[in-house]
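Q: Would you mind keeping the following structure in view while I ask a few things?
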Amino acid sequence: MKKLLFLLLFLLMVPQNAMADGISEMNGLVMKHLKIPFYKEKKIQLLIFSDSGQRKGRLMAANNTMLDMLLDNANVDEIPDGWQTKLYPLNSKIDAILEFWKPRVKISDAVIFTSSCSIDQKNEEVFGSKPVFLRTPMFDLDGEGFRANFRRQVIEVTSNVKIVVRDSDLDPRKILAGEKPPKLQRLIHATSDRLRIDRQNNKIMLLGNVKVIDGRNTLSCDRLTVFLDQQKSPSYRQKSPVADDKASLDGVSRVLADGNVLLIQRPEDPAKLATELQTSESEHLEYDVRREIIILTGDNKNPTLTRGSDSELSGKRIELLRNEDKMFVMRDCRITSLVRDEKGMLLYARRINSDRANFDGKSNVANFHGSVVATDQSATLHTDSLRAHLIQDQRTSSHKIELLFANGNVRIINRSEKNSPDIPGQKVIETSTIHSQQAELNYRDNKLVFYRTVKIRDSAAALDCDRLDIFLADRSTSLKSTEVSGAPMAAGMEGKNKTITKLMAMGDVYMVSRGDEIQTDLLTLLFRDLPEGAKPSPGMIQSGGVQLIKILCDGSVTATSPTVANGQKTLRKLKAANGMSDLLKDYSEFHGNVNIVDGNTEISCDDMYIFTGASPINEEIVENIKVQKPQKNQEQLDEEALDADPFAVDMGEDSVPTRIAITDSRDLKRIVCQKKVALLRRDDKGQIQRAGGDRAVYTVNTREVVLTAERPKRPWLRANGRKQSCDIICSDMETQDLRGIGNVIMVPDDGE
């Protein structure tokens, strides 16, 4: 009898192919304490321990079975018996795990336990429908139903899969070798409907309702494939350089998630969950462990990445470099972010579209390339490429734009809301546009610069130049948002709380405003916030509750404006070295080789002063100009009293419009010329008249020019071959009459 039992035990332990044909003859045989080896290339790779088993055809129905998968270098003499082995439960503490692995750390690669299974020695398979428990040094698994094919080295768990993956610091092999275990147990938890371990191809697949919890991160998908790296032993792999609370995937080279992929990354501070919670949705996710790169893609829908409830990014392909805190978006990049006030109320949405983009989280820099379009509440920016420097708002954890560098075909369209001129109480949207080849928008230092072929267009004016500098200031918090119609032109993106203070146009400057034209080397426009109760006046860049108050021109100034002479439209042209127009004081001045042509009349001088509107400040300026004349004796004053004082003319409050427009005859009141004044006019018969002096005054509503000179000099007049000098010369622009008054002396014109 003993010989028969020994023979049966021997038959069970020999290689399965040796007696496979005779196994069926043992049908119904029941045995206790089974120990069945599986070999590969004459080397034992698996030992099966069962409390009992019954032969059913070529299968062995076993109870309370443990499958011990051995290491390649395992010493068979040290293999512990597996009967009645108790496995530690899932999520056990490290002490229980160490106690189990201590006798097996140099023997076993993994163990599987189930209460009931079938063993197919011929096909090298073990399978069953009961709960199954898989334990390895690095991860543990519970499930229901399994099939293990050791010829193909495939293990499948058919339902209710639960997995716990330990961090490399919790590897029992390291701790038992003398390394100190960490105080914090960092684990990855995963669940799925099914699981497939392909040891031959070094990959693990989780199928159906996959969910992985990794510290503060959660991943869900339809299918998850984990590729193992067998080039190095997991126990000796270098720890991941990412210093966070996520368990490192030692022994893993790549992870693929497919189908309804959702990755949720929670902030470290739970109080910032609403603003810093990051979520990505995609059809496919690839994680390259060695390079620390996450790649999101989609077949039918672009992947999206959201941060909090206020920011969303999408693109055809999104790459996240976890170790370097960088991100790349390939093709069709779209970003939407919501901008809120200090109380959390939504102000507007900002959107940026581009062909591709990259982001550097450490430097807070974002780069956009190809067909870039950035839009917010008040402005839209178009360009070929855009670099944005951001700063994080510590209060809201959101990012604000500090600097924007745009390059190539830059175009900014600004929108502002104004009262309708036709329908009372109704608002209309007006637009202003800036074109250039390059732009530097510095919201931190409140300066916007546009380079190369700069063009500004709005409903009231147009400006061309080589370079444009716009200076901003932080708008007063006391100014309510309802009082502001929109950000200043070009101050969009982060300009809602900015106000424009100055604009400087340089190089071949050309400006047109309601028919008036200015050409100069340097044009400076000064602005102010509208005073309380004041209405914005029309003019360039006068949106956002600002008002143009002064114009400065330096270098080769040419100003032209349409006017009417003798019922015919003509142009008035003014040239000077530099000029200034104060729109609040209704006052302008030009200096240096000043020349003005108005119809058939031409005036030249060194200094010209132009007065418009009805401001009392004009008279103060006039008095300052008048005191430049030398003091006269009583006889001279008596002689001049015979003629009207050109500055004493009563203009009348209603004689001209109260708002001025420089070089626009409809609003002009008076022009004063000083130093080397020369007047030339051609009458209807083509005859030329010339006059000159030290000072000339042109009064608009009387259409009269008065010339004087500082004594002992006298103004002069040349016409019809004669030259005369007198005390005052008057020219009537309507009648074309040019005459001398007071102490007239007539002599032949010798041309000098």
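The values are calculated or read from the model by the stated rules, or taken from the named source; none is laboratory data. In this text the structure is predicted, and so the values were computed from the model without any measurement. Because the Cβ atoms are built from the backbone with ideal geometry, glycine has one as well, and the counts that use them run over all protein chains shown. Accessible surface areas use protein heavy atoms only, side chains included; no ligands, DNA or RNA. Shrake-Rupley method; radii C 1.70, N 1.55, O 1.52, S 1.80 Å.
Q: Assuming Lys183 fulfils every condition listed in (1) open to solvent by 60 Å² or more (accessible area, probe 1.4 Å); (2) free of Cβ contacts under 8 Å to residues at least 40 places away in the same chain; (3) under 22 Å from Leu87 (Cα atoms); (4) not acidic (Asp, Glu) apart from one, which condition is it?
A: Only one criterion in (1) open to solvent by 60 Å² or more (accessible area, probe 1.4 Å); (2) free of Cβ contacts under 8 Å to residues at least 40 places away in the same chain; (3) under 22 Å from Leu87 (Cα atoms); (4) not acidic (Asp, Glu) is unmet by Lys183, namely (3).
Q: Looking at (1) open to solvent by 30 Å² or more (accessible area, probe 1.4 Å); (2) within 60 Å of the chain's Cα centre (by Cα), can you tell me which one Gly686 breaks?
A: Only one criterion is unmet by Gly686, namely (2).
Q: Still on this model: Taking the condition within 17 Å of Cys673 (Cβ to Cβ) and either of a type in the set (S, T, N, Q) or touching a helix residue (DSSP H, G or I) at 6+ places or on another chain (Cβ under 6 Å) (or both), does Ser581 pass? Lay out the reasoning, then the answer.
A: Working: within 17 Å of Cys673 (Cβ to Cβ): yes; either of a type in the set (S, T, N, Q) or touching a helix residue (DSSP H, G or I) at 6+ places or on another chain (Cβ under 6 Å) (or both): yes.
Criteria met by Ser581.
Q: Go through (1) under 21 Å from Val597 (Cα atoms); (2) touching a residue at least 24 places away in the same chain (Cβ under 8 Å); (3) in a loop (DSSP other than H, G, I, E, B) for Lys685 and report which single condition fails.
A: (2) is the only condition that Lys685 fails.
Q: I want to confirm something. Restricting to the range 364-380 and keeping residues that are of a type in the set (Ser, Thr, Tyr) and in a strand (DSSP E or B), which single residue is surrounded by the most Cβ atoms within 10 Å (Cβ to Cβ)?
A: Pass one, the range 364-380, residues of a type in the set (Ser, Thr, Tyr): 371, 375, 378, 380.
Then keep just the ones that are in a strand (DSSP E or B); that gives 371, 375, 380.
Working: Ser371: 16, Thr375: 20, Thr380: 18.
Here the residue is Thr375.
Q: Could you say whether any residue in the range 35-45 is modelled with pLDDT of 85 or more, assigned to a strand (DSSP E or B), polar (S, T, N, Q) and under 60 Å from the mean Cα position of the chain (by Cα)?
A: yes
Q: Report the residue count in the range 70-82 for those that are surrounded by 13 or more Cβ atoms within 10 Å (Cβ to Cβ) and outside any loop (DSSP other than H, G, I, E, B).
A: The total comes to 1.
Q: Hey, another quick one. Out of the range 700-742, which residues are under 60 Å from the mean Cα position of the chain (by Cα) and among the acidic types (Asp, Glu)? It would help to see each step written out before you state the result.
A: Looking only at the range 700-742, we keep the residues that are under 60 Å from the mean Cα position of the chain (by Cα), and these are 700-705, 733.
Within the range 700-742, just Glu704 meets the criteria.
Q: Then there is this: Can you spot a residue in the range 430-438 that is among the hydroxyl-bearing types (Ser, Thr, Tyr), out of contact with any Lys or Arg (no Cβ under 8 Å at 6 or more places or on another chain), modelled with pLDDT under 85 and open to solvent by less than 70 Å² (accessible area, probe 1.4 Å)? Give the derivation first.
A: Here is the first cut: in the range 430-438, the ones among the hydroxyl-bearing types (Ser, Thr, Tyr) are 431-433, 436.
In the following step, the residues that additionally are out of contact with any Lys or Arg (no Cβ under 8 Å at 6 or more places or on another chain) were identified as none.
No - not one qualifying residue is present in the range 430-438.
Q: If Gln724 passes every condition in (1) assigned to a loop (DSSP other than H, G, I, E, B); (2) farther than 30 Å from Gln568 by Cβ but one, which one does it miss?
A: Condition (1) is where Gln724 drops out.
Q: Check Phe611, Phe647 and return the single one that is among the aromatic types (Phe, Trp, Tyr), surrounded by 12 or more Cβ atoms within 10 Å (Cβ to Cβ), under 18 Å from Arg670 (Cβ atoms) and at pLDDT below 80.
A: Values: Phe611 fails: at pLDDT below 80.
The match here is Phe647.
Q: Looking only at the range 691-721, how many residues end up being out of contact with any Asp or Glu (no Cβ under 9 Å at 6 or more places or on another chain) and assigned to a strand (DSSP E or B)?
A: 6
Q: Just one of the numbered conditions (1) over 15 Å from Asn123 (Cβ atoms); (2) in contact with a strand residue (DSSP E or B) (Cβ under 8 Å, 6 or more places away or on another chain); (3) open to solvent by 80 Å² or more (accessible area, probe 1.4 Å) is not true of Ser50; which one?
A: (3)
Q: Output the residue which, of all residues in the range 304-318 that are in contact (Cβ under 8 Å) with a residue 40 or more places away in the chain, within 30 Å of Ala271 (Cβ to Cβ) and not in a strand (DSSP E or B), is most open to solvent (accessible area, probe 1.4 Å).
A: Residues of the range 304-318 in contact (Cβ under 8 Å) with a residue 40 or more places away in the chain: 308, 310-311, 315.
After this cut, where a residue has to be within 30 Å of Ala271 (Cβ to Cβ) as well, the list is 308, 310-311.
Next, only the ones that are not in a strand (DSSP E or B) stay: 308, 310.
Working: Gly308: 24, Asp310: 42 Å².
Filtering first and then ranking leaves Asp310.
Q: Here's something else I'd like to know. Hey, among the residues in the range 254-266 that are within 17 Å of Asn323 (Cα to Cα) and not β-branched (Val, Ile, Thr), which one's farthest from the chain's Cα centre (by Cα)? Before the answer, list the steps.
A: Taking the range 254-266 and keeping what is within 17 Å of Asn323 (Cα to Cα), we get 254-255, 265.
The next check asks that each one be not β-branched (Val, Ile, Thr); those that pass are 254, 265.
Numbers: Arg254: 32, Gln265: 22 Å.
Applying the filter and picking the extreme gives Arg254.
This table checks each residue for (1) closer than 30 Å to Ala190 by Cα; (2) touching a Pro at 6+ places or on another chain (Cβ under 8 Å); (3) polar (S, T, N, Q).
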residue: Met31; (1), (2), (3): no, no, no
residue: Lys35; (1), (2), (3): no, no, no
residue: Ser52; (1), (2), (3): no, no, yes
residue: Ile79; (1), (2), (3): no, no, no
residue: Ser115; (1), (2), (3): yes, yes, yes
residue: Glu125; (1), (2), (3): yes, no, no
